[in-house]
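The next block holds one structure in the form of structure tokens; read it before the comments.
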Amino acid sequence: MPLRHGRPYLAIPGPSVMPDRVLQAMHQPAPNIYTGALVDLVESVVPDLKTVARTKGSVAIYIANGHGAWEAAIANTCGRGDRILALVTGRFGFGWATMAQRLGVEVEILDFGKRAPVDPDQVEARLRADTGGAIKAVMVVHIDTSTSVRNDVPAVRAAMDAAGHGALLMVDCIASLACDRFEMDDWGVDVMVAGSQKGLMTPPGLGFVFFNEKAEAVRAGLDPVSMYWDWTPRGHPQEFYQYFGGTAPTHHLFALREALTMLVHEEGVEAALARHAVLARTIWAAVEAWGQGGPMEMNIADPACRAHAVTAIGLGAPNGTALRDWLSEVAGVTLGISLDMAPPGDPAVHGYFRIGHMGHVNAHMVLGLLGTIEAGLVALGVPHGKGALEAAAAVIARG
Ligand SMILES: *Cc1c(COP(=O)(O)O)cnc(C)c1O
């Protein structure tokens, strides 16, 4: 019987659950966009964004989703015919690389498949072979949301340094920012892209590109960059409108201000990272127990390479889709679909699902979600091991 009437849980990997306070912060008339409170608000948001990204560099804010931030990062670093090395571990790495290709960049892809992280040794070997320094940038996705793999960004940096290669290191943190540890400056990342609707708990529609001085020097050497995507005025505005290339995204900014207050000034970034780590381990403990007595399987076997923001799970077709349907129809929980884990049209696509556990998520939400998945497995007659909820509760109890 349907038991879904009540507060729904959208457990997909973005947009994530938004705090009521963030939603309420948007419920006000449009402010003056020339002077006054909005100007102060933006000037307070910029340092908080840099605190989350762990950088003293600059940030450009775009009225765009993650795809817009991707394009902005490429437009400011690569000219037509420049060469980049894309390290691909799933759909999002491939998507960013494709976007660069469409902008006329020569893209070389190192594909590590859908169940493993980037192998830094292969990166080092490829860069050593580039004796002429043709490769201008290395791009990598921190967490590929389609596979839930987490790439070791410091290891990629170390591989670049070991090869003595001067390319820019560009990282997509759209899924990971504020969920998985990321230290832009300490890790030697030159360009980082993020979006508002995942760990930052804000509606989709703001894209961020963080950049350091090395990346700015590359930008300065490019042919003219599209006026809208140019990060220079946005990162170093002389006039308020230059932050946004026009009218400020007023209500997104109200939302972002509230979310950053909660994240940076109330909970604290370190505590938020620790919360995501425990909640992720809670989910893994349940999945591993279910897998002992049935087809359920973590897509990423090695816990050290798993994201703390999203978990991709195999259950065999058609059980993945059947479970998602059962949870949404009966229980008010929406799980994430499989993304590119099987070729388009292949029924194997119904064998996967993903759990989004990024942003405004806590212990009772995750335990409720896991209890609901267990009910779905029982209802659908999918074989599964016992003790998953006890294992999950034990992780929460240990903290
Ligand atoms: C969600 C996501 C994107 C795409 O962001 P959009 O806002 O949908 O354009 C890119 N990369 C990663 C890692 C993501 O999780």
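Structure notes:
The rows are residues; the columns are (1) crowded, with 23+ Cβ neighbours inside 10 Å; (2) of a type in the set (A, V, I, L, M); (3) under 24 Å from residue 337 (Cβ atoms).
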{"site": "62", "(1), (2), (3)": "yes, no, no"}
{"site": "66", "(1), (2), (3)": "yes, no, yes"}
{"site": "72", "(1), (2), (3)": "yes, yes, no"}
{"site": "79", "(1), (2), (3)": "no, no, no"}
{"site": "85", "(1), (2), (3)": "yes, yes, no"}
{"site": "93", "(1), (2), (3)": "yes, no, yes"}
{"site": "96", "(1), (2), (3)": "yes, no, yes"}
{"site": "100", "(1), (2), (3)": "yes, yes, no"}
{"site": "111", "(1), (2), (3)": "no, no, yes"}
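- Residue check, residue 71 modelled with pLDDT of 95 or more, closer than 18 Å to residue 259 by Cα and of a type in the set (D, E, K, R): no
- Identity of the residue in the stretch 130-158, closer than 13 Å to residue 172 by Cα and of a type in the set (S, T, N, Q), that ends up farthest from the ligand (Cβ to nearest atom): 151
- Residue list for the stretch 131-166, filter: in contact with a strand residue (DSSP E or B) (Cβ under 8 Å, 6 or more places away or on another chain) and in a loop (DSSP other than H, G, I, E, B): 134, 142, 145, 146, 147, 148, 151, 165
- Residue 18 being part of a loop (DSSP other than H, G, I, E, B) and open to solvent by less than 80 Å² (accessible area, probe 1.4 Å): yes
- Among the residues of the stretch 212-238, those that are acidic (Asp, Glu) and either touching a His at 6+ places or on another chain (Cβ under 8 Å) or surrounded by fewer than 16 Cβ atoms within 10 Å (Cβ to Cβ) (or both) comprise 213, 223.
- Considering the conditions (1) away from the ligand (no atom under 16 Å from the Cβ); (2) open to solvent by 20 Å² or more (accessible area, probe 1.4 Å), residue 244 is excluded by exactly one of them, (2).
- Residue check, residue 115 under 22 Å from residue 14 (Cα atoms) and away from the ligand (no atom under 13 Å from the Cβ): yes
- One residue alone among 304, 322 is hydrophobic (A, V, I, L, M, F, W, C) and either buried (at least 17 other Cβ atoms within 10 Å of the Cβ) or modelled with pLDDT under 95 (or both), and that residue is 322.
- Scope the stretch 113-144; condition open to solvent by 60 Å² or more (accessible area, probe 1.4 Å) and either at pLDDT below 95 or closer than 23 Å to residue 67 by Cα (or both); matching residues: 114, 136
The values are calculated or read from the model by the stated rules, or taken from the named source; none is laboratory data. Since the structure is predicted, the reported quantities are computational estimates derived from the model, not experimental observations. Neighbour counts run over all protein chains shown; Cβ positions are idealised from the backbone, glycine included. Each accessible area value is taken on the protein alone, full model and side chains, heavy atoms only, with ligands, DNA and RNA left out. Shrake-Rupley method; radii C 1.70, N 1.55, O 1.52, S 1.80 Å.
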